[in-house]
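Structure record follows, encoded as structure tokens.
The values are calculated or read from the model by the stated rules, or taken from the named source; none is laboratory data. Just so it is clear, the structure is predicted and the values come from calculations on it, not from any experiment. All Cβ positions, glycine included, derive from the backbone under ideal geometry; neighbour counts span all protein chains shown. Heads up: the accessible areas ignore ligands, DNA and RNA and are worked out on the full protein's heavy atoms, side chains in. Shrake-Rupley method; radii C 1.70, N 1.55, O 1.52, S 1.80 Å.
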Amino acid sequence: MAAGKLLVYLLRRDLRVTDNPILHHLATASDHGFTHLLPLYVFPAHQIEVSGFVKDGEKSPYPPARSRVGGYWRCGPHRAKFLAQSVWELKENLEQLGSGLVIRVGDAKDVLSSLIQGLKDKAPTVGAVWMTEELSSEEKDEQEAIASVCSANDIDFRLWPDEKYFVDDQDTGLETHKELPDVFTSYRKSQEPLRDRPRSVLPRLEKSSLPSFPSETSVPAQHHPFSIPRKLDEVEQRLLQPLGDILADAPPYPDGAESAHPFRGGENQAQERLRHLVKSGAMTSYKDTRNGLLGLDFSTKLSAYLALGCVSARLVHAELLKLEDGTDAEYEKTPGYGEGECDGTAAVRFELLWRDYMRLCMAKFGRKLFRQSGFTPSDKYDKTWKTADKRDAKRNQTPSPDEIAKILERFEKGTTGMGLIDASQRELLHTGYTSNRARQNSASFLSKHLGIDWRYGAEWYEMMLVDFDVSSNWANWQYMAGVGNDPRGDARIFNPVKQAFDYDKDGSYVRTWVPELKDLEKPENVFQVWTTNGSELEQHGLTNNIMVTDPIKRIEFTVDKKPKGSRRSFPRRRGQGRGGRRGGNGQGSGSPGTAADAGADGSAVHQSGYHSSGGMGQARGRGAPRPPRGGYQPRAQYDAPQVFYNNGYAGPWSVDYNGARGQGNYGFFRGYAPIHGQRMQVPYRNGYAQPMYFPPPAMGPGAP
Ligand SMILES: Cc1cc2nc3c(=O)[nH]c(=O)nc-3n(C[C@H](O)[C@H](O)[C@H](O)COP(=O)(O)OP(=O)(O)OC[C@H]3O[C@@H](n4cnc5c(N)ncnc54)[C@H](O)[C@@H]3O)c2cc1C
């Protein structure tokens with residue numbers, strides 16, 4: 001090996017050669033002084049189980065990579081695979097540039113120490129270690145550990161800013177992270193217009209422009225007791241093998257169900273996906289489709305690539321600019337070509353800013369990201385969570401810790417009896433992905449409806465999500481659990497039945513992922529199977545199904561009021577006309593439970609809670625929930641809640657959203673919400689459920 005100076009570039013979540021500041025610097029600066037470059041990726045033993053790489057007869061020196069609260073694997077099979085593919089593609093791309101990638105497993109500081117020792121007194125010697133800075137606590141600890149290894153060996157260490165985000169850290173206007181507003185809207189306003197914010201993408205690297213890759217024989221082998229296979233499928237297999245069955249008796253993959261995220265990892269795949277999204281018009285229509293639940297293109301599915309740094313947010317922005325400015329003939333036929341920013345592309349930027357914001361919150365609040373009380377200041381925190389851990393449970397916790405453990409298992413498997421939640425959980429289990437809408441509902445269900453420690457959910461997601469990202473996941477869970485930076489806190493609760501009616505009108509999504517329910521006639525039964533009448537249950541072999549006999553939560557969803565201005569039923573109809581489909585559904589005057597529970601206004605009042613406990617134990621609100629201000633806000637306004645309804649607030653509560661939203665829609669949203677309960681009324685006409693209109697009747701089909 002030639003004499004010289006070697007730079008070790010330790011990659012983590014910057015798995016790309018395009019728009020990579022470190023590689024760009026090495027390829028273009030003439031004064032960095034390195035003759036050799038050793039790009040290094042380490043599968044980190046504390047975050048991903050690496051015992052599959054241990055040689056026969058040996059034992060891993062590292063503890064199992066399990067989560068703290070729920071004891072789950074920290075990285076499940078979907079992300080492990082996607083990560084391996086991304087690392088492999090990075091290796092191939094570096095090789096195409098005339099460089100390479102060394103892949104190792106273990107603790108990064110152990111790997112680095114062993115490399116430094118192995119290269120000691122050889123040429124080239126290790127002159128420096130560089131890595132991209134991350135702001136999460138574990139990654140910061142790792143950075144410090146690497147820095148101390150370097151310092152002990154008299155080696156330079158440098159952290160580079162992480163440039164995979166939308167607005168560059170230097171351009172946010174924040175002097176320190178402490179200045180970050182606690183409300184997203186304030187931060188957003190400080191950054192608008194978003195289209196002007198991102199920096200340009202760095203130029204593509206020329207072949208052979210990087211310092212030489214050291215000869216293979218000079219690079220010390222993986223440290224004991226691990227061995228690294230040379231083929232991608234073997235690496236994948238070693239990562240997956242220790243994980244075993246994630247859940248015993250998990251529902252099988254449903255026949256015919258198609259993953260919304262069938263994508264392979266890697267930066268080429270990311271760029272291909274990005275170009276497809278722009279060319280197909282999916283970016284143009286994003287604002288209208290982003291709340292979809294089934295299919296590939298209702299949303300971008302770029303999250304997993306963004307999380308691993310296979311693509312930078314500014315590259316996404318740059319591709320949108322080509323469409324908006326009409327500067328790339330490839331997009332000539334795409335709607336919106338050359339017409340500037342449209343609602344769809346603006347909404348994508350908006351979401352990318354959310355991602356930035358979650359990361360900045362993490363920087364601001366540090367380890368509070370993982371705290372049960374979240375970002376909430378201790379003096380304002382008064383919650384009690386239900387737990388499966390006997391040591392942590394309050395005395396007389398109801399349900400008991402053992403019962404909570406069973407409830408959690410059913411939540412994870414998707415057998416709660418709440419259709420939307422079960423579909424989402426099964427989709428997640430089988431594919432590693434579930435939509436933002438479904439995630440919000442699942443998180444709200446676990447934390448607010450069931451009152452279970454939200455960290456179980458966050459850890460479960462950490463294991464299962466293909467796109468897990470520490471700040472996006474944990475801060476979104478906090479947000480949904482009411483301990484994060486949602487200004488509405490406890491007042492924002494998603495009703496999964498109403499949400500299902502809104503976003504899965506005919507139940508296609510639930511039918512796809514919970515196939516036991518696919519032949520049920522009425523969506524309301526699909527959304528809560530226990531509401532189905534006895535003969536239909538029997539007909540479909542569901543009579544003894546646990547989702548019927550013991551639903552974890554019952555939400556009374558009454559169908560007994562006329563909507564204002566509504567004229568027709570849900571847009572997609574199967575079978576006969578209105579009367580045949582909606583009639584006699586048992587949800588109106590004859591719905592199960594409603595007659596017995598009829599309240600003063602003739603509609604249902606239902607004590608909703610655990611099937612066995614009859615209470616949520618969450619009557620600790622900080623004031624009555626407010627209706628949204630400023631009229632109906634479509635999702636693109638984002639800060640406006642989709643659903644408000646009571647959860648444990650004392651006293652009768654009556655809100656007329658007609659007035660509040662100013663558009664005359666959603667008039668069904670009124671009445672009393674009992675303590676520990678929710679009661680919703682969907683529009684009801686001639687005995688049939690009516691649609692919840694969007695757009696509002698003033699513009700849509702229900703307009704007078
Ligand atoms: C409980 C919960 C957990 C979540 N966990 C993660 C996670 O671990 N990793 C992750 O990337 N996202 C997470 N999200 C945010 C969001 O659900 C996903 O980013 C999105 O569903 C990914 O699909 P997509 O790429 O098609 O998103 P799109 O709708 O196409 O959005 C474009 C991009 O914007 C970003 N984005 C969108 N919504 C959000 C958001 N609410 N917060 C932060 N970034 C957002 C993502 O990078 C996404 O790829 C979570 C949301 C909730 C409610």
* Accessible area, 1.4 Å probe, largest first: how do 240, 517, 205 sort? -> 240, 205, 517
* How much FRET efficiency would the formula 1/(1 + (r/R0)^6) give for residue 245 and residue 192, where r is the Cβ-Cβ distance and R0 is 51 Å, rounded to 0.05? -> 0.60
* ³J(HN,Hα), Karplus 6.51/-1.76/1.60, whole Hz, each residue of segment 469-478, x for Gly, Pro -> 9, 4, 6, 4, 6, 5, 6, 5, 5, 4
* **Per-q log10 I(q)/I(0), segment 222-377, q = 0.09, 0.10, 0.15, 0.19 Å⁻¹ (Debye; single scatterer per alpha-carbon; no solvent)** => -0.45, -0.55, -1.00, -1.17
* Asked: Residues with amide H under 5 Å of residue 105's amide H, sequence separation 5 or more or different chain, H placed in the peptide plane at 1.01 Å from N; which?
  -> 43
* Size descriptor, Kirkwood hydrodynamic radius, that averages inverse alpha-carbon separations across segment 1-115, Å -> 15.9
* Structure fact -> FRET efficiency for residue 204 and residue 332 from the Cβ-Cβ distance with R0 = 22 Å, rounded to 0.05, comes out at 0.45
* Asked: If you line up the Cα atoms of segment 172-249 on their principal axes, what length do they span on each, largest first, in Å?
  -> 52, 51, 23
* To do: Sticking with the crude label model, points 7 Å out along Cα→Cβ, report the distance from residue 138 to residue 29 in nm, one decimal please.
  => 3.0
* Starting from the Cα-Cα distance between residue 182 and residue 391, subtract it from 0.36 nm times their residue separation and give me the gain in nm to one decimal. => 71.9 nm
* **For segment 431-485: span of alpha carbons on each principal axis (Å, largest first)** => 26, 19, 18
* Using 7 Å Cα-to-Cβ label points, what is the residue 117/residue 402 separation (nm, one decimal)? -> 4.9
* Taking segment 309-356 on its own, what percent of its Cα-Cα pair distances exceed 18 Å? -> 29
* Alpha carbon Rg of segment 1-45, scaled by the compact-globule rule 2.2 N^0.38 Å -> 1.27
* Asked: Using only the Cα atoms of segment 365-519, what do you get for the radius of gyration and for Dmax, in Å?
  -> 15.4, 51
* To do: Quick one: give the max-minus-min coordinate of the C-alpha atoms of segment 111-220 along each principal axis, largest first, in Å.
  => 55, 34, 17
* To do: For residue 132, enumerate residues with amide H under 5 Å from its amide H, sequence gap 5+ or separate chain, H modeled in the peptide plane.
  => 12, 160
* **Dmax and Rg, reported as Rg then Dmax, of segment 223-292 (C-alpha, Å)** => 18.4, 53
* Calculated from backbone phi, Karplus (6.51, -1.76, 1.60) coupling profile of segment 521-528 in Hz, x at Gly/Pro -> 5, 9, x, 4, 6, 5, 6, 8
* Asked: How large is log10 I(q)/I(0) at q = 0.14 Å⁻¹ when the Debye formula is applied to the Cα atoms of segment 513-554, each weighted equally and without solvent?
  -> -0.24
* Asked: If only Cα atoms are counted, what is the Rg of segment 312-428, and what is its Dmax, in Å?
  -> 22.7, 67
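Estimate the FRET efficiency between residue 96 and residue 160 by the formula 1/(1 + (r/R0)^6), using the beta-carbon distance for r and 22 Å for R0, to the nearest 0.05.
On the way: r = 23 Å, r/R0 = 1.03.
Calculated transfer efficiency: 0.45.
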* Nearest-10 value in Å² for the accessible area of residue 380, using the 1.4 Å probe -> 130
* Can you pull the one-decimal nm distance between simple spin-label points at residue 175 and residue 255, each 7 Å off the Cα toward Cβ? => 6.7
* To do: Mind grabbing the base-10 log of I(q)/I(0) for segment 139-182 at q = 0.25 Å⁻¹? Debye formula, identical points on the C-alpha positions, no solvent, two decimal places.
  => -0.91
* Structure fact -> Result for segment 82-154: accessible area per residue, probe 1.4 angstrom, in square angstrom, of 35
* Asked: Rule-of-thumb check for segment 478-533: C-alpha Rg over 2.2 N^0.38 Å?
  -> 1.42
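Where in segment 199-242 are there GluC sites (Glu not before Pro) that are in a DSSP coil and have at most 11 other Cβ atoms within 10 angstrom of their Cβ?
206
Would you list 264, 273 from the most to the least accessible area, probe 1.4 Å?
264, 273
Of 56, 19, which has the most accessible area and how do the rest follow, probe 1.4 Å?
Ranked from most to least accessible, the order is 56, 19.
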* Structure fact -> Here segment 314-327 yields Karplus 3J(HN,Hα) values (6.51, -1.76, 1.60; θ = phi - 60°; whole Hz; Gly and Pro given as x) of 6, 6, 4, 4, 4, 6, 5, 4, 4, 5, 5, 8, x, 10
* Please state the Cα pair-distance histogram of segment 382-470 with 10 angstrom bins from zero: what percent is in each bin? -> 17, 51, 26, 5
* Structure fact -> Over 20 Å (Cα to Cα) among 390/413; 81/301; 207/279; 386/406 -> 390/413; 207/279
* Accessible area of residue 245, 1.4 Å probe, to the nearest 10 Å²? -> 140
* What value does segment 364-416 have for Rg/Rh, both radii from Cα atoms and Rh as Kirkwood defines it? -> 1.07
